[in-house]
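K.L.:
Here it is, the structure in full.
Every read-out reported here was derived from the displayed coordinates using simple, explicitly stated rules and does not represent laboratory data. Bear in mind the structure is a predicted one, so any value in this text is a computation, not a measurement. Note: ideal-geometry Cβ built from the backbone for every residue, glycine included; neighbour counts use all protein chains shown.
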Amino acid sequence: MPAARMGPSLRVFWRIHRAFMRLTGGRFGRVGAMDALLLTTTGRKSGDRRDVAVNYMRDGDSYVVVASYAGEDRDPAWWLNLKSDPDAEVTLAGKRERVRARETVGAERDRLWSRFIEADPAYAEYQRRTKRRLPVVLLVPIG
């Protein structure tokens, strides 16, 4: 499956996917090669709760997500929100879990990035489309 490109169709799909994830409590969210979770951040400007469905993989007890924005040259809002306030929530399989986000670096980033693009090669295409280095983010459960 080719890597998606940003545009009106993708934005509409994301809105529908997010609504579906909310309705099902994150029980059904697989899109393409990877499962998805519902990530709830705090808006850096508004302070409001913001939901987004993102593809993920597990690394131990943590969740790995990539701030790809389909290869656009700017970071997605959810990543900017997490940089402002790293405490968030994931909804998956009908359960909510509090997490703290951190950007991976060095060998850890390289290892997780390799696993991510092996699971879904579209992310390698997203990286080729942009000058920015796509953030690989670890969402670590917090009691």
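K.L.:
If the cut-off is 23 Å between C-alpha atoms, which lysines fall inside it for Lys45, apart from same-chain ones fewer than 8 positions away?
P.N.:
Lys83
K.L.:
FRET efficiency for Arg111 and Ser84, Cβ-Cβ distance as r, R0 = 25 Å, nearest 0.05?
P.N.:
Numbers: r = 27 Å, r/R0 = 1.07.
Once rounded, the FRET efficiency stands at 0.40.
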